[in-house]
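Working notes for the structure below.
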Amino acid sequence: MDILENWNNKFNALPRLPRSKSKNGYVDTLKTLFHKIDSKIELDTPVKIEGSTTNHTLKHYVSILFRYNFVKIDEKDHYYINERLKSSDDNTFRRNLAEFLNSNVKYISELLTYIENPKTTKDILNDANENYNMSWKQKGQIHERLAWLEDLGLITSMSYKRTYVINDEGKRFLTLNPPMKPIVVSEFIEDTTESETNIELPEWLIVENWNKNNINKKDGLGYIPGGRSQATTLILSVLKYALNAKDSISLINFIKSDYDYKSSSVNSFLTFLTNLNILDRIGEKVYKTSKNGINLLNSDLPDVNLLFFINNEYKYIFEILFELEKSPQEPTELAAMGVTEYNMKSQSLDRIRERLTHLKNAKLILNDKGKNLRLSKRGELLLSILRSNMKNEENTKKKQKNLIQNDEGNYKRLLKELRLASTNSSEPHKFEKLLEKTFIELGFKTKLLAQAGTTDILLTARTVPDYTYKVAVEAKTNKEGIISENLVNFDALKEHKKKHAADYLVIVGKNYNERVKKFAENNQVLLLDIDNLELLVKRHQLYPLQAIEYEKLFQQVGEVDISILETTYNRMHRYNALFKLIIETLIVNSDDEFTKGILTIREIYMLIKDKGEFNDISLTREEVENMLNLLSNPLIGCVGKEKNGYYAKGSLVDAQLKFGFYYSASIK
């Protein structure tokens with residue numbers, strides 16, 4: 001495997017485990033966890049790590065260890081320890097663990113090499129960023145590595161000088177596990193497709209309307225044995241093998257000959273291929289390569305062509321290219337945009353990495369400086385083809401004029417930045433500022449305080465004093481995205497509420513654990529999570545409620561339930577439908593010879609009362625009269641009024657422009 005590819009396949013971060021307070025720290029943490037796994041205790045059993053206050057279950061730790069390949073899973077769904085880490089001898093175990101970490105995590109041997117002479121954490125951080133393209137802004141990852149290396153007995157901490165230096169054991173380790181040479185960034189991000197001038201897609205490939213039915217697509221990509229970096233090679237080999245019908249046992253044995261995975265996992269892979277319509281299931285347990293599969297097998301760019309089949313079934317594939325066209329971005333930014341704009345159900349980095357690997361396989365994207373990704377020349381060429389073959393839908397071809405007038409750009413950009421900031425605990429003030437902008441978007445008067453002894457943001461509903469209300473907002477960030485009871489001082493929140501004469505208290509964070517939810521309910525505090533806040537903002541674009549109409553939301557305690565606003569949303573939707581129907585009805589009847597285009601209230605009512613949603617909830621005369629009074633008002637002038645009735649004075653577009661004119665004047 002290419003050296004840079006091997007480096008890219010390593011993890012940036014070490015596994016997030018509690019460090020035991022015993023002599024060997026992380027090493028003893030792993031021994032404790034491995035002992036529990038070997039003992040086959042229930043996964044829901046809490047595990048106590050010496051000196052740690054955490055109370056996570058074994059299931060929590062196993063999920064982390066499994067991702068880093070510390071543990072595997074057998075045919076019976078039982079977890080077992082990776083053979084490379086099985087040893088009863090302490091010294092051998094530590095040596096094997098050090099080698100295992102170095103082969104799976106970036107900047108281990110490289111750090112050891114750099115501290116041949118004593119170095120500070122600042123020195124080490126600079127080396128990681130300048131020579132290995134790590135782009136770390138804080139020293140957290142450095143401290144984690146130093147802790148692991150100290151527990152593995154490979155370095156010496158010179159605490160009185162606040163420096164670290166490799167010891168003899170570390171030097172012996174380096175002779176067997178040499179570091180990668182510093183990365184030359186220009187080579188690291190070399191675009192091998194730079195000389196390409198066009199990209200030809202086969203005629204059999206359905207390119208037109210590639211972006212249709214996005215909502216009905218799935219989030220999680222199907223399982224692929226051996227990882228996604230070699231996905232196309234494996235898929236093509238299976239399609240070639242199945243040109244003649246094969247039963248599932250033959251296919252399982254064929255795949256397992258190269259990849260040591262359980263049968264149920266291979267079955268999941270076969271299901272993935274059938275979902276893509278490149279492998280047909282022609283019997284209960286019999287498969288054969290489909291016509292699409294044969295075409296793919298014989299194509300010139302199978303990595304690229306495969307993406308069209310994946311895109312047909314799964315969300316947010318080619319759309320990533322459109323996002324990277326705007327600017328190079330990190331996976332975390334792409335994950336946030338996936339939720340904000342492309343209907344992904346969660347901000348899962350694993351989901352994004354699955355997609356990015358397929359795009360990299362096709363050489364459509366490549367690494368940029370730091371953690372950023374950017375389009376390759378081939379990616380740009382494919383993007384131009386995709387753009388000319390998009391389904392012509394309003395929500396994809398046209399951007400609605402949004403209501404936000406600030407430096408963050410449109411509201412989806414704001415929501416993306418807000419989502420990212422909610423897990424950036426190193427910059428809590430950024431989250432507070434973005435949160436203030438979000439509440440401004442919802443129509444509130446805001447005051448950013450965020451000082452000791454104050455609430456973070458004070459909201460005031462814009463109306464007369466007798467009807468206004470105030471909300472004290474506490475912004476909470478956490479890297480893990482879960483706000484725990486340790487991060488919330490409810491007594492202090494009550495003092496803030498009293499100090500600011502606020503009517504309601506709300507905490508805003510990415511998500512909350514169960515204990516915080518219970519404490520919030522007992523302390524009359526509302527918990528507003530990012531998903532629901534984002535939904536409020538999105539709905540505000542469709543149904544721009546006034547701030548006073550949101551009060552019923554803040555009257556809740558504990559977990560927020562925004563369905564409480566459904567009645568208000570439905571009323572606005574009803575008025576919107578009535579607005580359109582009245583104008584459309586008057587326009588349609590403008591050339592009527594009998595009425596001369598002038599309709600009475602009764603005639604208008606009879607013509608629209610059974611249309612659309614008015615079939616379910618009957619239209620009232622009062623609703624029709626109120627809407628006609630609004631539309632015929634001289635300041636609006638969309639409908640003319642005579643003693644005999646009403647008539648259209650323009651098209652529906654004219655009416656929309658008139659309302660838009662008054663709106664634009666009101667926000668200047």
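The values are calculated or read from the model by the stated rules, or taken from the named source; none is laboratory data. Computed from a predicted structure; not experimentally measured. Glycine gets a Cβ as well: all are built from the backbone with ideal geometry, and neighbour counts include every protein chain shown.
Some observations on this one:
- Close pairs from the range 128-157: first closer than 26 Å to residue 95 by Cα, partner small (Gly, Ala, Ser) and surrounded by 18 or more Cβ atoms within 10 Å (Cβ to Cβ), Cβ under 6 Å, at least 6 apart: 134/128; 151/25; 152/98; 154/170; 155/170
- Residues located in the range 434-476, provided they are out of contact with any strand residue (DSSP E or B) (no Cβ under 7 Å at 6 or more places or on another chain) and closer than 18 Å to residue 417 by Cα: 434, 437, 438, 441, 442
- Some residue of the range 216-237 being buried (at least 18 other Cβ atoms within 10 Å of the Cβ), modelled with pLDDT under 90 and among the aromatic types (Phe, Trp, Tyr): no
- Restricted to the range 51-76, and to residues there that are touching a residue at least 40 places away in the same chain (Cβ under 8 Å) and outside any helix (DSSP H, G or I), the residue that is surrounded by the most Cβ atoms within 10 Å (Cβ to Cβ) is 70.
- Here the range 11-26 is the region considered, the condition is being more than 34 Å from the chain's Cα centre (by Cα) and surrounded by 13 or more Cβ atoms within 10 Å (Cβ to Cβ), and the residue that is nearest to residue 371 (Cα to Cα) is 24.
- Only one entry of 535, 565, 630, 553 meets the criterion of being more than 30 Å from residue 336 (Cα to Cα) and part of a helix (DSSP H, G or I), and that entry is 630.
- Of all residues in the range 520-530, those satisfying the criterion of being surrounded by fewer than 17 Cβ atoms within 10 Å (Cβ to Cβ) and either charged (D, E, K, R) or assigned to a helix (DSSP H, G or I) (or both) are 521, 522.
- You will find that of 341, 319, 330, the residue that is modelled with pLDDT under 90, over 23 Å from residue 225 (Cα atoms) and of a type outside the set (Lys, Arg) is 341 and no other.
- Check on residue 243, surrounded by 16 or more Cβ atoms within 10 Å (Cβ to Cβ) and at pLDDT 85 or above: no
- Residue match in the range 89-100 (condition: in a helix (DSSP H, G or I) and among the acidic types (Asp, Glu)): yes
- For residue 585, the conditions (1) surrounded by 17 or more Cβ atoms within 10 Å (Cβ to Cβ); (2) in contact with a Phe, Trp or Tyr (Cβ under 7 Å, 6 or more places away or on another chain) all hold with the exception of (2).
- Among the residues of the range 1-33, those that are among the hydrophobic types (A, V, I, L, M, F, W, C) and either without any contact (Cβ under 8 Å) to a residue 40 or more places away in the chain or assigned to a helix (DSSP H, G or I) (or both) comprise 1, 3, 4, 7, 27, 30, 33.
- Qualifying residue in the range 340-351 (condition: within 20 Å of residue 193 (Cα to Cα), touching a helix residue (DSSP H, G or I) at 6+ places or on another chain (Cβ under 9 Å), β-branched (Val, Ile, Thr) and surrounded by 16 or more Cβ atoms within 10 Å (Cβ to Cβ)): no
- Which listed residue, of 169, 130, 144, is in a helix (DSSP H, G or I), assigned by TED's automatic domain parsing to the domain that holds residue 26 and in contact with a Gly (Cβ under 8 Å, 6 or more places away or on another chain): 169
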